[in-house]
Each structure stands twice: as C-alpha cells, then as structure tokens.
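Okay, so here's the structure we're looking at.
We did not get these values from a lab; they are worked out from the coordinates using the rules stated. Bear in mind the structure is a predicted one, so any value in this text is a computation, not a measurement. Here the Cβ positions follow ideal geometry from the backbone for every residue, glycine too, while neighbour counts run over all protein chains shown.
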Amino acid sequence: MHANFVMRASERGYNKFLSTGESSSYIGGHPEAIVTRHSSFNFGPYETGRAGFGRVRVFGDETFSGAGCGYNIHPHHNFIICAFVLQGQLTHVNTVGNIDQLTPGDFYAFSAGSGGKHCELNLKSDDMHAIYIWIMPDQLFLPPSYSRSHFDALANRNKLVTLVGNADGALRVSQDIKVSRLVSDASMTLNYAPTSTSHGVYAFVLEGEVARDEITLGRRDSTGIWGAQRIEFRTGTQETDLLIVETAP
Amino acid sequence: MIGESLKRFMCMGCGFLYDEVFGLPEHGLAPGTRWADIPEDWVCPDCGTPKHRFEMVEIPYAAGQPLPPASAQQTA
C-alpha cells in the first residue's frame, strides 16, 4: 500500500446499481432510479483494484439519479463515513438522531462506532453528486456520532482549507487523517507539507487540472504519494477543485 | 495455530467486527472460533459481504468496550 501511484479517472472501479433487482434492499427510489459509483479502492462488487490508502478504505465518486434514489437505511459499525456534496441535495438520516439535508459545499462525518444505521437519499429530480470517504477508526466501538459543516468556495478561493481532521474549524474524527480542499480560479502553486514523511497523501482532482512533477492530472484523476516532506501541486488556469486526503500509514 | 493470539476482523462492506475472543454465538460461532475455521462461504451477518472481504485489524477497543452481555448491563 506504500508505493506511489497515479490513477486515471477511467482506471477506477465502476458500478451501476438499479433500484430494482438484486441490490434493491439497498438502493431506493422509483424503478428508474440509478446509483453510479466510481471507486478508487476496492468496494462492493469492485474487488480488483487497490485495497485502500493508509487509513482510507473507500473513496467513492457517486451520483444518485432519479427522485427518491439512494441507499435505504442500513447498518454500520466502526467506519467513519464522510460525504462531501458537490451537486444537488443529499438527505441523510441516521440513528444518532439526525435528519440532515446537504447541498454543494456541505459535508458530514458519521462515525458508526458501536453501531448505527443511515440512509442516503436524493429526494429531488436533479442528480445528487457526492464524494464518499470511509475511514478506519483508531478505536473500535466508539460512541456513534455525527457532525457536519460547510466549505465556502468563494470565501476560500485559492486557499487550502482543512475540512476534516485536526485543524481549526475542521470536523474532528478519531483517526490520524486530514481532508482538505482547494478551489482555485487561476494557476497557482500549492506546497503541501504532510504531517510527517510517514504520512501518505491521496490527491483527487474534482474539477480542472493539477500538475505534480511531470504529471498532469485531469478531472477525477488522482495520485497517491508516500514519504514526501513537501509536495508541489500546480493548478491549471481554469477553475480547479482539488481534494487532498492525508493519512497515517 | 496453537498459542497464536486471538484476532479481530472487520467487514469492508459495513464495518461489522468479528472478534475471535467472542465469536458470534447468535450466529452459531462459539467464543474462541478461529477465523480460519469459519467456512469460506460465510458472509457478514449485517450486510452480506463475503468472508474474503474482511480485513484483519489491530485496532484497540474504545473505553468501556466491548460491552458485557445485555443482561449484565445497568441502565444509566
């Protein structure tokens, strides 16, 4: 799990789930409702890729199409599940006691701990698009918890903001991990310094173009980097949206 | 296998934990049942994920966990 890599958007796992048939106990919505998932790491029926990255096990680029589409309520333990809404509206219901609606820029961290259920739905006819990241916890069976926040892309233009992890204003989770986001509207250089050289960095281009060394990453391309003291990312001249996950090994 | 410490396995589909110490008596796996002795066609009782998609973890329990059986618990 500790070799550097570049993963093109098309190299990810791809699964399409209908609200009817075999997966219908999980997938909700009208018969035409569809969940599509591009997985950076092995998840569900996708088993031929990378196992994960550091403490991350799931990195899903998901779209819920069709009103009522999404995941019916289902159980979890232990995983810290984060969702970052990019488009549309996500309705999240959990057994911690939250009914939440998230729109672009909103994100949550749901720590299933000793046991919790959740439901993820798109109640609108417009597509809902979100990134889901599942993180291993640093302790088993923690008390379940839910927290949410908002990333203001306009106010934070051309500035890296830590959304999850040990940083001012970020959602705290019980793991040595940091999720940060950069939206730039001009070409700029980001010098990212991991907490230590034992930490890994997984950078995923949501929109636009990002160059690192001689490699240019396009939309939904990603790269995993281990052992660096400093990583230089150069964003393109067009609007760029970059998600950076830093994790303990 | 004798003398090897008991291990914990986590379901990569939902986070369900199988701890060899406790087994899953409600699913017919007695405490102490080794992972290797569970049939290969066994699936996660919560989400149906196949056995080979569990990962061995060396993560400690949170304070107060795992809880004693429900019959021994007191309500706060």
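Assorted remarks:
- Candidate aspartates and glutamates - alpha carbon under 15 Å from B:LYS7, same-chain residues fewer than 8 apart omitted: B:ASP19, B:GLU20, B:ASP37, B:GLU55, B:GLU58
- Equivalent ellipsoid of region A:120-229: semi-axes from √(5λ) of the C-alpha gyration tensor, largest first, are 24, 21, 15 Å.
- Centre-to-centre separation between the Cα atoms of region A:109-154 and those of region A:41-65: 15 Å.
- Close Lys pairs in chain A, defined as Cα atoms under 30 Å apart and 8 or more places apart or on different chains, number 5.
- Per-residue HN-Hα couplings for region A:171-183 [Karplus 6.51, -1.76, 1.60; θ = phi - 60°; Hz; x = Gly/Pro]: 6, 7, 10, 8, 6, 7, 8, 9, 10, 10, 9, 10, 10
- Cα gyration tensor category, rounded, prolate or oblate, for region A:27-125 with a/c compared to 1.5: oblate
- Nonlocal amide H pairs with A:GLY28, under 5 Å, H built at 1.01 Å: A:GLY70, A:TYR71, A:ASN72
- Over chain A, relative contact order from alpha-carbon pairs under 8 Å, at least 6 apart, %: 18
- Entry note, region A:8-156: relative contact order of 24 percent, from Cα contacts under 8 Å with a spacing of 6+ residues.
- Mean separation of Cα contacts under 8 Å, 6 or more apart, over the residue count of region A:121-208: relative contact order %: 21
- Using θ = phi - 60° in the Karplus curve 6.51 cos²θ - 1.76 cosθ + 1.60, the 3J(HN,Hα) couplings for region A:211-222 round to 10, 9, 6, 8, 9, 9, 9, x, 4, 6, 7, 8 Hz; x is entered for Gly and Pro.
- With the simple model of a label 7 Å out from the Cα in the direction of the Cβ, A:ASN166 to A:SER196 spans 1.0 nm.
- When the alpha carbon coordinates of chain A are projected onto the principal axes, the ranges are 46, 39, 37 Å, largest first.
- Across region A:231-246, rounded Karplus estimates of 3J(HN,Hα) from the backbone phi angles (6.51 cos²θ - 1.76 cosθ + 1.60, θ = phi - 60°) give 10, 9, 10, 10, 7, x, 6, 7, 4, 10, 10, 10, 10, 10, 10, 10 Hz, Gly and Pro being marked x.
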